[in-house]
Structure formats: C-alpha cells, structure tokens
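The next block holds one structure in the form of structure tokens; read it before the comments.
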Amino acid sequence: MNKILLFLAIPIGIIVVVALIAVGYYNGFVTQSQNVDNQWAQVETQYQRRFDLIPNLVNSVKGVLTQEQAVFGQIAEARTRYAGAQTVNDKVKAANEIESTLSRLMVIVENYPQLKSNETVAALMDALAGTENRVAVERQRFNDMVKAYNLSVSRIPGKIFASIMGFGPKEYFASVEGANQAPAVNLDLK
C-alpha cells in the first residue's frame, strides 16, 4: 500500500510543481504585458498633449504665413490618421508623419523673424519642445518595457510556457525610414 502511494505521490508532486511554475510564468507574462500596455498609454498621453498644442501653434502661425498653407493641411491630415489608427504600429506611423510635418513647421517658424519675436508663438514653441522631450522619454520607457517582456517570452524555459499560453513578442517603437533626414523647407517667397 505504501509503495502504491509513493508511486502515485511522485508524479502528482511533479505535476503540482510544474503547474506552480506555469502559473508563475503566466502571471509574469501578464504583468509584463500590462506594463507594456500601460507604458504605451503614457506615450499616448504625451501625444495627446502634443495634439492639444498643435492647433494653437498652427493658428498663431497661420495668420502670418499664408503661403505655408500646405504644411497646415499636412498637419491636420496626419492628426486625422492618428485618430483613426487602430494598432500601435499604425499609431507609430501616424505619429511619425506628425513629427515630420511639425519639424517642417518649426523650421518655418525659425526662419521668420516676426514669428520668432511673437510671444505667443515663442511660448507655444517652448511648450511643444518640452512635449517632444516628454514623448522621447516615454517612447524610451515603452521600448525598455517591450525589451523586458520580449526577453521573458524569448528565453527558455519562458519561451516554452509563452508559446503554450499564447504570449508572443511585442513590437518596439521604431521611427519610420527617413526620419533621420532633416525636412526640406522652401521659403522662397517669389
């Protein structure tokens, strides 16, 4: 009788230990996944701050720069694409489009002395620059969270448990190709 109990206790003990390990991995994956999602929400909070500042800056500049209407339209279109984006990758692409048009607008503002001396425009540019710094910090934190999560679901034995439990790697925030190029702005008023 004792041999039978011992014979049953060993496999049951192994099953219990494996189950506890699996639960630990599952909880870890869920926690890290939620951390990634939370950090993306922080990135979006900074994007919202940026989007709230953009119309004020555009309206302040618009009155002086009637010849730069194309930039204003591009900013509006990019904001609309961001609002309609469904996935993180679509939002990243739309956010990069906004950054590209904003950088063109900033170059324009820098090249017009009457705008640089306007207090409202200067204050909005400072606020936007601060927001851009916050966006960069939150993106870095997001990528750090994604890295930690991806390491967990990619290393063994976590990879085995992750594949069984349906967890896969998440994508990093990466800028679009050509984002490292300075925007070209033609200020020829002829």
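Of the peptides 157-169, 39-51, the ranking by mean beta-carbon count within 10 Å, highest at the top, reads 39-51, 157-169.
The distance between label points at I21 and K159 comes to 1.6 nm (points 7 Å beyond Cα on the Cα→Cβ vector).
A Stokes-Einstein calculation at 20 °C with viscosity 1.002 mPa s, built on the Kirkwood radius of segment 69-140 over Cα pairs, returns a diffusion coefficient of 162 µm²/s.
Bear in mind that the values in this text are calculations on the coordinates, not laboratory data. Note that this is a predicted model, so its numbers are computed, not measured. Virtual Cβ from ideal backbone geometry, glycine too; neighbours counted across all protein chains shown.
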